């Protein structure tokens, strides 16, 4: 198995195309593992991993924890809502206290863009970014790419539309980096106030009509409206959003071909996705969740080899 | 103080000895004699070894943090940093705690004068607590010695407050300093808005926020001039920290129309553009933020053609706890006093003579301070420097270390300062 070019997984931006393929190929093997009757391998038996979550998370933290346990790592969890600064202890002090208990790897979610980059320059442990504010969420992008590849094969030339709140989405940014590195075409779609002005500069298409995006794409990756990350008003109401940007099964059925429907969760049913769309045959949303564990196992395994 | 400065090269366009290497005899804080091979009998001698000498430099934008945040910087340490940077005079912003918005705080800062070559001027706040709503007693503050008026780090948002300030200051011929920023457009902003901020997931501050406010400020200045008959010969409005190409163009146009406006740029704005932030280095987090390469070029052009009158350090000292943090929690600002000259030497495209003007005669004119010249009978207020000398910036005299230039090798070194009867001589770097 080849090695990664990086010591930390800070973002997709810092990965090479080769790194991405290495992670996805390794994840395939781990997907086999977690579907066996004995779901566990001893690969990280000597490794202690701390999941340090400064923002609320259910599925990502659970997914990491399961990935760690399937690899036989020792796992500790640390959660604190709000920033470390508000608690009176700096991020660096918090993490150094955890590392003093002989922890080898830090999986961190934090509300500040760049927090894992900052941390990786100050501590000896490997750092895995589990989401940093509105910046990146690399393991989500990797599991999305894995799920698309599983469904469609090689992603080169495939058309992926990311629909929803692009401005506040770390998933969108990591997906854009990942898909472009794999040769796919990317479109973002949403209300004008939720689309960053500068994305066309890196070759991302922009649409403000959901219908147009659905007709164009092979995969529609629908994002949650991140109301908690919007510090000021960007659109009038969820009602209007769901009326003009929400996706229903009828819209999918009216397309002249089958497309793949994805969502990183948690879904606001009835807002960005109607229930019948989310539960339709187009949807691979639960496959994404399953693949998340395999991809995270691959990331942790490969970083531990470094 | 009786002192002989041996073999110094005079850099001063106003001096009859400009460009020449001379000896200078200083007696009782005045230049007693300029010549060659002057007698050193009974005098202390400083060997200049052909280093340059100019009238003492003035920095129009310095945050001292004293009173209130003395752990970041105080009135003594800021003087030390000023001397290292070659400044014999500095203008302090009013944004201390409490804000310099009354004679009490003004007098505190002014009474803390020390036996030092650095003369401290104070810009008083326009509004109480620099909060942008209720006026300070500006006539009283002006009489007490405030050199200009500004809310400093808090740009004036309210158009009518801005207008009335200009009107109220007009009979005193006092200067209003404002940094143009529309705070609604920069809300939660961390860096320049652009592709780089998008890729970093950081909220951007669009150049438009500066340019719109600048346009407003210039329009209000034009408006008050229509109400007064007396022509303004000196700038009535000084624009702080110009950072975008369009801002330079707007000021160039305003000056062509004869508006009494002046402006400045921070030396570090000539060095970095926003892609430098790709590493999330909090020492590069400044306001106004680093823009684009084209903006840097426009700033240099503005300096060369005189649109930009002067250069400041925008010295913003912070403690480690304010900078060794996640990027969006970190404070804005760089400690700049010690590196202005090197940055100008390396990045401005200006001749040494012009750099000296941007640091001496231009800020003095804007602030209505008496002109200085290296000529017999004039005040002995000097900066000594060597524009060709390379040095490594290893240690700061400031309490703060939030400079991206620490550890770097720079070109253009300050050798010493002399003012108010005190000399600090650093000589050559080792």
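Just to be sure, is residue B:220 over 26 Å from residue A:14 (Cα atoms) and either touching a strand residue (DSSP E or B) at 6+ places or on another chain (Cβ under 9 Å) or touching a residue at least 60 places away in the same chain (Cβ under 8 Å) (or both)?
Yes, satisfied.
Within segment A:120-132, which residues are touching a helix residue (DSSP H, G or I) at 6+ places or on another chain (Cβ under 7 Å) and within 9 Å of chain B (Cβ to nearest Cβ)?
Hits for segment A:120-132 are A:122, A:132.
Which of the helices (runs of 4 or more DSSP H) contained wholly in segment A:1-87 include at least 1 residues that are under 21 Å from the mean Cα position of the chain (by Cα) and touching a residue at least 40 places away in the same chain (Cβ under 8 Å)?
It comes to A:17-34, A:59-70.
Working only within segment B:366-390, note down all residues that are in a strand (DSSP E or B), surrounded by fewer than 22 Cβ atoms within 10 Å (Cβ to Cβ) and within 22 Å of the chain's Cα centre (by Cα).
B:379, B:387, listed by residue number.
Considering each of B:237, B:202 in turn, give the residue that is within 14 Å of another protein chain (Cβ to nearest Cβ), in contact (Cβ under 8 Å) with a residue 12 or more places away in the chain and either crowded, with 20+ Cβ neighbours inside 10 Å or within 30 Å of residue A:137 (Cβ to Cβ) (or both). Write out each step before concluding.
Working: B:237 fails: within 14 Å of another protein chain (Cβ to nearest Cβ).
So the residue among B:237, B:202 that is within 14 Å of another protein chain (Cβ to nearest Cβ), in contact (Cβ under 8 Å) with a residue 12 or more places away in the chain and either crowded, with 20+ Cβ neighbours inside 10 Å or within 30 Å of residue A:137 (Cβ to Cβ) (or both) is B:202.
Given the conditions (1) closer than 23 Å to residue B:426 by Cα; (2) modelled with pLDDT under 95; (3) surrounded by fewer than 21 Cβ atoms within 10 Å (Cβ to Cβ), and given that residue B:75 satisfies all but one, which numbered condition is not satisfied?
The failed condition is (3).
Within segment B:313-361, restricting attention to residues that are within 14 Å of chain A (Cβ to nearest Cβ) and assigned to a helix (DSSP H, G or I), which residue is farthest from residue B:400 (Cα to Cα)?
Checking each candidate, the answer is B:328.
State yes or no: is residue B:242 more than 14 Å from every other protein chain (Cβ to nearest Cβ) and part of a strand (DSSP E or B)?
In short, no.
In the list A:174, A:147, which residue meets the criterion of being within 13 Å of another protein chain (Cβ to nearest Cβ), assigned to a helix (DSSP H, G or I) and within 21 Å of residue A:295 (Cβ to Cβ)?
Result of the check over A:174, A:147: A:174.
A quick yes/no check of all residues on (1) under 18 Å from residue B:385 (Cα atoms); (2) in contact (Cβ under 8 Å) with a residue 60 or more places away in the chain:
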position	(1), (2)
B:55	yes, yes
B:62	no, yes
B:72	no, yes
B:82	yes, yes
B:88	yes, yes
B:98	no, no
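Which residues, counting only those in segment B:184-208, are over 22 Å from the mean Cα position of the chain (by Cα) and under 30 Å from residue B:232 (Cα atoms)?
The answer is B:208, and nothing else.
Which number in (1) farther than 30 Å from residue B:171 by Cβ; (2) away from chain A (no Cβ under 14 Å); (3) not in a helix (DSSP H, G or I) marks the one condition that residue B:211 misses?
(3)
Filter segment A:224-276 down to residues that are under 18 Å from residue A:162 (Cβ atoms) and within 14 Å of chain B (Cβ to nearest Cβ) and give me whichever is modelled with the highest pLDDT.
Checking each candidate, the answer is A:234.
Are any residues in segment A:177-200 closer than 19 Å to residue A:113 by Cβ, within 12 Å of another protein chain (Cβ to nearest Cβ) and more than 15 Å from the chain's Cα centre (by Cα), and if so, which ones? Spell out the reasoning first.
At the first step, the residues of segment A:177-200 found to be closer than 19 Å to residue A:113 by Cβ are A:177-178, A:188, A:194-199.
Checking which are within 12 Å of another protein chain (Cβ to nearest Cβ) leaves us with A:177, A:188, A:195-199.
Answer for segment A:177-200, where residues must be closer than 19 Å to residue A:113 by Cβ, within 12 Å of another protein chain (Cβ to nearest Cβ) and more than 15 Å from the chain's Cα centre (by Cα): A:188, A:195, A:196, A:197, A:198, A:199.
Quick grid of which residues meet (1) over 30 Å from residue B:97 (Cβ atoms); (2) within 22 Å of the chain's Cα centre (by Cα):
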site: B:7; (1), (2): yes, no
site: B:14; (1), (2): yes, yes
site: B:30; (1), (2): yes, no
site: B:61; (1), (2): no, yes
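Let me confirm something: among A:294, A:298, A:278, A:250, which residue is within 20 Å of the chain's Cα centre (by Cα) and over 30 Å from residue A:14 (Cβ atoms)?
A:278
I'd like to check something: does segment B:171-193 contain any residue that is within 14 Å of chain A (Cβ to nearest Cβ) and part of a strand (DSSP E or B)?
Looking through segment B:171-193, at least one residue is within 14 Å of chain A (Cβ to nearest Cβ) and part of a strand (DSSP E or B).
Every residue in segment A:106-119 that is more than 8 Å from chain B (Cβ to nearest Cβ) and assigned to a helix (DSSP H, G or I), please.
Passing the criteria: A:116, A:119.
Out of (1) assigned to a helix (DSSP H, G or I); (2) more than 14 Å from chain A (Cβ to nearest Cβ); (3) surrounded by 23 or more Cβ atoms within 10 Å (Cβ to Cβ); (4) in contact with a strand residue (DSSP E or B) (Cβ under 9 Å, 6 or more places away or on another chain), what's the single condition that is false for residue B:277?
Among (1) assigned to a helix (DSSP H, G or I); (2) more than 14 Å from chain A (Cβ to nearest Cβ); (3) surrounded by 23 or more Cβ atoms within 10 Å (Cβ to Cβ); (4) in contact with a strand residue (DSSP E or B) (Cβ under 9 Å, 6 or more places away or on another chain), the lone unmet condition for residue B:277 is (2).
Give the number of residues within segment B:105-142 that are outside any loop (DSSP other than H, G, I, E, B) and free of Cβ contacts under 8 Å to residues at least 12 places away in the same chain. Outline the logic, then answer.
Start the filter on segment B:105-142 by keeping residues that are outside any loop (DSSP other than H, G, I, E, B), which leaves B:105-111, B:119-124, B:127-130, B:135, B:138-142.
Checking which are free of Cβ contacts under 8 Å to residues at least 12 places away in the same chain leaves us with B:111.
Count: 1.
The values are calculated or read from the model by the stated rules, or taken from the named source; none is laboratory data. Owing to the predicted nature of the structure, the values given are computational and were not obtained by experimental measurement. With ideal geometry, Cβ positions are generated from the backbone for all residues, glycine too; neighbour counts draw on all protein chains shown.
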